[in-house]
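Every number in this text was worked out from the coordinates using simple rules, so none of it is lab data. Small disclaimer: the values here were computed from a predicted structure and weren't measured. Cβ: placed from backbone, ideal geometry, glycine included. Neighbour counts: every protein chain shown.
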Amino acid sequence: MVTGGGGRQFDPNSFWGLQTGPNPTDRAKLGSKRHLICDGRGVPLAVQLTGANRNDSQQALALVDAIPRLQGARGRPRHRPDCVLGDRGYDAESIRQGLRDRRIIPFLAKRNTENGSGLGRWRWVVERTFAWLNQFRRLRVRYEKRVDIHEAFLSLGCALICWRFLRVNWMTG
């Protein structure tokens, strides 16, 4: 015989699960943060969910490694970008060196410099993709207590964005 959990599917002591943390901008309420990497058109390549108190720079290399292999017409599958653009939150020498080790050119804004790093011309693509994800009501506010359900809705939202790109390119091409 195995002792049951009394019908509970998650630990009641950690109400929102492992992928939450105290939000530094909202009176330390528990929250989660989405980390997203997308291509130049805004198509999401990889997405991860962490606690709200997790620093962006801690997820940078894991997010690059999470990009799936893309099968081209011939040859080896392509699975890494040529370059990565990032804002000041990703400015760390360990991230730059990790990207160089992966043969990726880092274009990261420097900390403690005046505004106008030049990344604003490309940064809006990621912000637009986040806005597209927020159009899905289940993703705008996290209602799910279980992290696997919220990650499933997040993956579904990314798949719908990719499908819209494919549909538009197929109809015009």
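Here are the numbers for the structure shown:
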{"quantity": "Proximal charge balance of residue 97 [Cβ under 15 Å; K/R count +1, D/E count -1]", "calculated": "0"}
{"quantity": "Reachable lysines from residue 110, criterion Cα separation under 27 angstrom, eight or more residues apart if same chain", "calculated": "33"}
{"quantity": "FRET efficiency for residue 78 and residue 135, using Cβ-Cβ distance with R0 set to 25 Å, rounded to 0.05", "calculated": "0.30"}
{"quantity": "Hz values of 3J(HN,Hα) by residue in region 90-102 - Karplus curve (6.51, -1.76, 1.60), Gly and Pro given as x", "calculated": "9, 7, 8, 5, 5, 6, 4, 5, x, 5, 5, 5, 8"}
{"quantity": "Binned Cα-Cα distance frequencies in region 21-172 - 10 Å width, integer %", "calculated": "9, 35, 38, 17, 2, 0"}
{"quantity": "Taking 57, 155 and counting other C-beta atoms within 10 Å, the order from fewest to most", "calculated": "155, 57"}
